[in-house]
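One structure is given below, encoded as C-alpha coordinates.
The values are calculated or read from the model by the stated rules, or taken from the named source; none is laboratory data. Source: prediction; values computed, not measured. Don't worry about glycine lacking a Cβ; one is built from the backbone with ideal geometry, like all the others, and counts go over all protein chains shown. Quick note on the areas: whole protein, heavy atoms, side chains included, nothing else; ligands and nucleic acids left out. Shrake-Rupley method; radii C 1.70, N 1.55, O 1.52, S 1.80 Å.
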Amino acid sequence: MKLRINKIDNENISNLKIDCENCFGLCCVALFFSKSDGFPQDKIAGKPCINLQPDFKCSVHKNLRKKRLKGCMSYDCFGAGQKVAQVTFKGHDWTKSPDIANKMFDAFLIIRQLHEMLWYLMDASTFISNDNIKNELNSVIAETEKLTRLDQQSIINIDIDKHRIKVNRILKQVNEFVKKKVSDEKIKNSKNKKALKEGYDFIGRDLTNTNLIGANFAGALLIASNMKDTNLKGANLIGADLRDADIRGANLEDSMFLTQSQVNTARGNSRTKLPKSLSMPYYWEK
Ligand code: SF4
(Lines give C-alpha, C1' and ligand atoms only; values in the text may rest on other atoms or scores of the structure.)
Protein backbone atom coordinates (compact mmCIF):
# COMPACT_ATOMS: atom_id res chain seq x y z
CA MET A 1 0.00 0.00 0.00
CA LYS A 2 1.36 3.40 -1.00
CA LEU A 3 1.49 5.94 1.79
CA ARG A 4 2.05 9.04 -0.29
CA ILE A 5 -1.36 9.36 -1.89
CA ASN A 6 -1.24 12.98 -3.12
CA LYS A 7 1.15 14.41 -5.69
CA ILE A 8 3.62 17.02 -4.49
CA ASP A 9 2.83 20.55 -5.67
CA ASN A 10 5.81 21.03 -8.02
CA GLU A 11 5.50 24.80 -8.26
CA ASN A 12 5.40 25.30 -4.50
CA ILE A 13 8.17 22.81 -3.88
CA SER A 14 10.46 24.43 -6.48
CA ASN A 15 10.15 27.71 -4.53
CA LEU A 16 11.60 25.86 -1.54
CA LYS A 17 14.74 24.79 -3.38
CA ILE A 18 18.08 26.58 -3.53
CA ASP A 19 18.40 29.09 -6.37
CA CYS A 20 21.81 30.77 -5.87
CA GLU A 21 21.49 32.67 -9.18
CA ASN A 22 18.73 34.79 -7.66
CA CYS A 23 20.33 35.25 -4.27
CA PHE A 24 23.07 37.56 -2.99
CA GLY A 25 25.16 34.88 -1.30
CA LEU A 26 23.10 35.28 1.86
CA CYS A 27 23.89 31.90 3.43
CA CYS A 28 27.63 32.55 2.91
CA VAL A 29 27.36 35.83 4.82
CA ALA A 30 24.42 35.86 7.23
CA LEU A 31 25.29 32.65 9.11
CA PHE A 32 27.96 32.08 11.69
CA PHE A 33 29.80 28.85 11.03
CA SER A 34 32.86 26.92 12.08
CA LYS A 35 35.60 24.89 10.46
CA SER A 36 34.75 21.87 12.61
CA ASP A 37 31.25 21.78 11.04
CA GLY A 38 32.71 21.46 7.54
CA PHE A 39 32.90 25.13 6.56
CA PRO A 40 36.08 26.81 5.31
CA GLN A 41 36.70 28.95 8.40
CA ASP A 42 35.35 30.02 11.78
CA LYS A 43 33.18 32.99 10.94
CA ILE A 44 30.82 35.35 12.74
CA ALA A 45 27.33 36.08 11.38
CA GLY A 46 27.26 38.99 8.92
CA LYS A 47 30.85 38.56 7.72
CA PRO A 48 31.26 37.25 4.14
CA CYS A 49 33.02 33.89 3.72
CA ILE A 50 36.57 34.20 2.38
CA ASN A 51 35.52 32.30 -0.75
CA LEU A 52 32.54 34.45 -1.66
CA GLN A 53 33.28 36.48 -4.81
CA PRO A 54 31.89 39.96 -5.61
CA ASP A 55 29.41 38.35 -8.07
CA PHE A 56 28.14 36.15 -5.15
CA LYS A 57 29.60 33.01 -6.68
CA CYS A 58 31.71 30.64 -4.60
CA SER A 59 35.33 30.52 -5.79
CA VAL A 60 35.71 26.89 -4.64
CA HIS A 61 32.26 25.66 -5.67
CA LYS A 62 33.61 22.92 -7.96
CA ASN A 63 35.98 21.70 -5.26
CA LEU A 64 33.70 21.67 -2.20
CA ARG A 65 33.83 17.88 -2.07
CA LYS A 66 37.59 17.68 -2.63
CA LYS A 67 38.11 20.25 0.12
CA ARG A 68 35.78 18.25 2.41
CA LEU A 69 33.54 21.27 2.98
CA LYS A 70 30.60 19.12 4.06
CA GLY A 71 28.87 22.02 5.81
CA CYS A 72 28.68 23.96 2.52
CA MET A 73 27.65 20.88 0.54
CA SER A 74 24.80 19.97 2.82
CA TYR A 75 23.45 23.41 3.74
CA ASP A 76 19.94 24.05 2.46
CA CYS A 77 18.30 27.48 2.67
CA PHE A 78 14.96 25.99 1.49
CA GLY A 79 14.73 28.80 -1.07
CA ALA A 80 14.89 31.51 1.59
CA GLY A 81 17.84 33.20 -0.17
CA GLN A 82 15.98 34.08 -3.36
CA LYS A 83 12.78 34.96 -1.44
CA VAL A 84 14.60 37.53 0.71
CA ALA A 85 16.71 38.88 -2.16
CA GLN A 86 13.97 39.15 -4.78
CA VAL A 87 10.69 39.44 -2.86
CA THR A 88 11.39 40.99 0.55
CA PHE A 89 14.16 43.31 -0.65
CA LYS A 90 12.97 43.53 -4.27
CA GLY A 91 16.36 42.82 -5.84
CA HIS A 92 18.37 45.35 -3.79
CA ASP A 93 21.87 44.02 -3.30
CA TRP A 94 23.28 44.41 0.24
CA THR A 95 26.78 45.29 -1.03
CA LYS A 96 25.40 48.31 -2.89
CA SER A 97 23.10 49.37 -0.04
CA PRO A 98 25.11 48.53 3.09
CA ASP A 99 22.45 50.17 5.28
CA ILE A 100 20.08 47.28 4.47
CA ALA A 101 22.67 44.51 4.95
CA ASN A 102 21.90 43.63 8.58
CA LYS A 103 18.14 43.83 8.03
CA MET A 104 18.51 41.49 5.09
CA PHE A 105 20.57 38.97 7.05
CA ASP A 106 18.09 39.05 9.94
CA ALA A 107 15.16 38.55 7.55
CA PHE A 108 17.02 35.64 5.90
CA LEU A 109 17.34 33.82 9.21
CA ILE A 110 13.59 34.14 9.85
CA ILE A 111 12.47 33.28 6.31
CA ARG A 112 14.77 30.28 6.27
CA GLN A 113 12.93 28.87 9.30
CA LEU A 114 9.54 29.57 7.72
CA HIS A 115 10.59 27.92 4.44
CA GLU A 116 11.83 24.88 6.32
CA MET A 117 8.43 24.66 8.03
CA LEU A 118 6.77 24.97 4.59
CA TRP A 119 8.90 22.10 3.33
CA TYR A 120 7.67 19.84 6.12
CA LEU A 121 4.08 21.00 5.66
CA MET A 122 4.19 20.38 1.91
CA ASP A 123 5.65 16.94 2.53
CA ALA A 124 2.90 16.23 5.08
CA SER A 125 0.25 17.22 2.52
CA THR A 126 1.21 14.28 0.27
CA PHE A 127 0.16 11.74 2.94
CA ILE A 128 -3.26 13.07 3.91
CA SER A 129 -6.68 11.81 2.86
CA ASN A 130 -8.57 12.91 5.99
CA ASP A 131 -10.56 16.10 5.19
CA ASN A 132 -10.34 17.63 8.66
CA ILE A 133 -6.58 17.30 8.86
CA LYS A 134 -6.24 18.38 5.22
CA ASN A 135 -8.20 21.59 5.83
CA GLU A 136 -6.17 22.49 8.89
CA LEU A 137 -2.93 21.65 7.12
CA ASN A 138 -3.83 23.84 4.13
CA SER A 139 -4.71 26.71 6.41
CA VAL A 140 -1.33 26.48 8.24
CA ILE A 141 0.44 26.31 4.85
CA ALA A 142 -1.39 29.45 3.68
CA GLU A 143 -0.64 31.27 6.94
CA THR A 144 3.07 30.34 6.79
CA GLU A 145 3.34 31.37 3.15
CA LYS A 146 1.67 34.71 3.99
CA LEU A 147 4.24 35.37 6.74
CA THR A 148 7.08 34.93 4.21
CA ARG A 149 5.58 37.74 2.10
CA LEU A 150 5.42 40.38 4.82
CA ASP A 151 7.52 43.54 4.60
CA GLN A 152 11.07 43.58 6.03
CA GLN A 153 10.21 45.06 9.42
CA SER A 154 7.19 42.79 9.96
CA ILE A 155 9.30 39.71 9.12
CA ILE A 156 11.83 40.59 11.80
CA ASN A 157 8.97 41.00 14.30
CA ILE A 158 7.39 37.59 13.60
CA ASP A 159 7.02 35.46 16.74
CA ILE A 160 8.64 32.45 15.11
CA ASP A 161 8.43 30.20 18.20
CA LYS A 162 4.69 30.78 18.48
CA HIS A 163 4.19 29.93 14.83
CA ARG A 164 6.41 26.86 15.13
CA ILE A 165 4.12 25.48 17.86
CA LYS A 166 1.18 25.70 15.46
CA VAL A 167 3.18 24.02 12.67
CA ASN A 168 4.47 21.27 14.96
CA ARG A 169 0.95 20.51 16.16
CA ILE A 170 -0.34 19.76 12.65
CA LEU A 171 2.83 17.87 11.66
CA LYS A 172 2.34 15.66 14.70
CA GLN A 173 -1.27 15.01 13.70
CA VAL A 174 -0.17 13.96 10.21
CA ASN A 175 2.53 11.75 11.69
CA GLU A 176 -0.05 10.01 13.92
CA PHE A 177 -2.31 9.52 10.89
CA VAL A 178 0.55 7.91 8.92
CA LYS A 179 1.60 5.75 11.88
CA LYS A 180 -1.90 4.28 12.05
CA LYS A 181 -1.92 3.63 8.30
CA VAL A 182 1.36 1.78 8.41
CA SER A 183 0.69 -0.20 11.61
CA ASP A 184 -0.46 -3.46 9.93
CA GLU A 185 2.60 -3.52 7.69
CA LYS A 186 4.80 -2.81 10.69
CA ILE A 187 3.35 -5.80 12.56
CA LYS A 188 3.80 -8.04 9.51
CA ASN A 189 7.43 -6.93 9.17
CA SER A 190 8.12 -7.64 12.87
CA LYS A 191 8.02 -11.39 12.14
CA ASN A 192 11.43 -11.34 10.49
CA LYS A 193 12.98 -8.12 11.89
CA LYS A 194 13.99 -7.03 15.39
CA ALA A 195 11.92 -4.38 17.13
CA LEU A 196 13.47 -0.91 17.26
CA LYS A 197 14.33 0.22 20.78
CA GLU A 198 13.09 3.79 21.33
CA GLY A 199 15.88 6.32 21.65
CA TYR A 200 17.85 9.13 20.03
CA ASP A 201 21.35 7.75 19.89
CA PHE A 202 21.88 5.36 16.99
CA ILE A 203 25.41 6.50 16.16
CA GLY A 204 27.27 3.74 14.31
CA ARG A 205 24.46 1.21 14.96
CA ASP A 206 23.70 -1.64 12.62
CA LEU A 207 19.97 -1.32 11.91
CA THR A 208 19.88 -3.60 8.88
CA ASN A 209 18.00 -6.30 10.73
CA THR A 210 15.64 -3.94 12.57
CA ASN A 211 12.04 -3.19 11.75
CA LEU A 212 12.19 0.46 10.64
CA ILE A 213 8.67 0.75 9.22
CA GLY A 214 6.96 3.68 10.95
CA ALA A 215 10.08 4.31 13.11
CA ASN A 216 10.26 7.50 15.10
CA PHE A 217 13.64 9.03 14.28
CA ALA A 218 12.63 12.64 15.00
CA GLY A 219 15.80 14.47 16.04
CA ALA A 220 17.69 11.16 16.28
CA LEU A 221 21.43 10.79 15.82
CA LEU A 222 21.83 8.30 13.00
CA ILE A 223 25.40 9.32 12.22
CA ALA A 224 27.32 6.49 10.49
CA SER A 225 24.50 4.04 11.21
CA ASN A 226 23.94 1.15 8.84
CA MET A 227 20.49 1.18 7.24
CA LYS A 228 21.53 -0.50 4.01
CA ASP A 229 18.60 -2.08 2.11
CA THR A 230 16.13 -1.21 4.90
CA ASN A 231 12.53 -0.17 4.46
CA LEU A 232 11.86 3.22 6.09
CA LYS A 233 8.24 3.47 5.01
CA GLY A 234 6.37 5.96 7.21
CA ALA A 235 9.49 6.60 9.33
CA ASN A 236 9.60 10.10 10.80
CA LEU A 237 13.02 11.59 9.97
CA ILE A 238 12.38 15.18 11.00
CA GLY A 239 15.65 16.76 12.13
CA ALA A 240 17.47 13.40 12.18
CA ASP A 241 21.23 13.57 11.71
CA LEU A 242 22.03 11.29 8.78
CA ARG A 243 25.69 12.21 8.33
CA ASP A 244 27.50 9.23 6.78
CA ALA A 245 24.50 6.97 7.44
CA ASP A 246 24.57 4.06 4.99
CA ILE A 247 21.27 4.17 3.11
CA ARG A 248 22.46 2.34 0.01
CA GLY A 249 19.53 0.43 -1.43
CA ALA A 250 17.22 1.69 1.34
CA ASN A 251 13.63 2.64 0.60
CA LEU A 252 12.89 6.20 1.80
CA GLU A 253 10.26 6.94 -0.83
CA ASP A 254 7.51 7.07 1.80
CA SER A 255 9.64 8.38 4.70
CA MET A 256 8.32 11.53 6.34
CA PHE A 257 9.97 14.95 6.56
CA LEU A 258 13.21 14.07 4.77
CA THR A 259 15.19 17.02 3.35
CA GLN A 260 17.79 17.41 0.61
CA SER A 261 20.31 18.47 3.20
CA GLN A 262 19.93 15.18 5.10
CA VAL A 263 20.19 13.22 1.86
CA ASN A 264 23.35 15.11 0.85
CA THR A 265 25.16 14.08 4.02
CA ALA A 266 24.16 10.41 3.87
CA ARG A 267 25.84 7.61 1.93
CA GLY A 268 23.43 6.33 -0.69
CA ASN A 269 23.53 4.89 -4.18
CA SER A 270 21.41 4.67 -7.31
CA ARG A 271 19.29 1.94 -5.65
CA THR A 272 18.28 4.24 -2.77
CA LYS A 273 14.65 5.21 -3.24
CA LEU A 274 13.91 8.87 -2.41
CA PRO A 275 10.70 10.91 -2.33
CA LYS A 276 10.05 12.59 -5.72
CA SER A 277 10.75 16.03 -4.25
CA LEU A 278 14.41 15.12 -3.61
CA SER A 279 17.31 14.37 -5.94
CA MET A 280 20.10 11.89 -5.76
CA PRO A 281 23.42 13.68 -5.04
CA TYR A 282 25.81 13.41 -8.00
CA TYR A 283 28.52 11.87 -5.79
CA TRP A 284 26.47 8.86 -4.67
CA GLU A 285 27.56 5.47 -6.00
CA LYS A 286 25.93 4.64 -9.32
S1 SF4 B 1 33.02 28.02 0.69
FE2 SF4 B 1 31.64 28.74 -0.89
S3 SF4 B 1 29.65 27.76 -0.44
FE4 SF4 B 1 30.93 27.58 1.40
S5 SF4 B 1 30.32 29.37 2.62
FE6 SF4 B 1 32.13 29.93 1.43
S7 SF4 B 1 31.34 30.91 -0.42
FE8 SF4 B 1 29.63 29.78 0.55
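Tabulated results
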quantity: Share of carbon and sulfur in the accessible heavy-atom surface of the chain [1.4 Å probe, %]; calculated: 51 percent
quantity: Reachable aspartates and glutamates from Lys2, criterion Cα separation under 12 angstrom, eight or more residues apart if same chain; calculated: Glu185, Glu253, Asp254
quantity: Cα convex hull of region 55-141 - mean projected area over all directions, nm²; calculated: 7.8 nm²
quantity: Unpartnered cysteines - no second Cys beta carbon under 4.7 Å - across the chain; calculated: Cys20, Cys23, Cys27, Cys58, Cys72, Cys77
quantity: Length released on extending from Arg65 to Lys134, taking residue separation times 0.36 nm less the Cα-Cα span; calculated: 20.8 nm
quantity: Amide N of region 1-34 lying under 13 Å from the label point, which is placed 7 angstrom from the Cα of Asp55 along Cα→Cβ; calculated: 21
quantity: Residue-averaged [θ]222 nm for the chain, counting only DSSP H segments that reach four residues, each worth -39500 (n - 2.57); calculated: -11000 deg cm²/dmol
quantity: Under-25-angstrom lysine pairs by C-alpha in region 192-286, whenever the two are 8 or more apart or on separate chains; calculated: 17
quantity: DSSP-defined antiparallel bridges as percent of all bridges, the chain, nearest 5; calculated: 15 percent
quantity: C-alpha long axis of helix 98-125 to longest principal axis of the chain, angle in °; calculated: 20 degrees
quantity: Spin-label model distance (nm) - Ser36 vs Asp201, 7 Å beyond Cα toward Cβ; calculated: 1.8 nm
quantity: Euclidean distance between Cα centres, region 122-149 to region 214-286, Å; calculated: 24 Å
quantity: Cβ-Cβ FRET estimate between Ile44 and Ile160, R0 fixed at 30 Å, reported to 0.05; calculated: 0.90
quantity: Cβ-placed point charges (K, R +1; D, E -1), dipole of region 220-286 about Cα centre in debye, nearest 20; calculated: 180 debye
quantity: On Cα atoms only, tilt of 131-148 relative to the major axis of the chain in degrees; calculated: 20 degrees
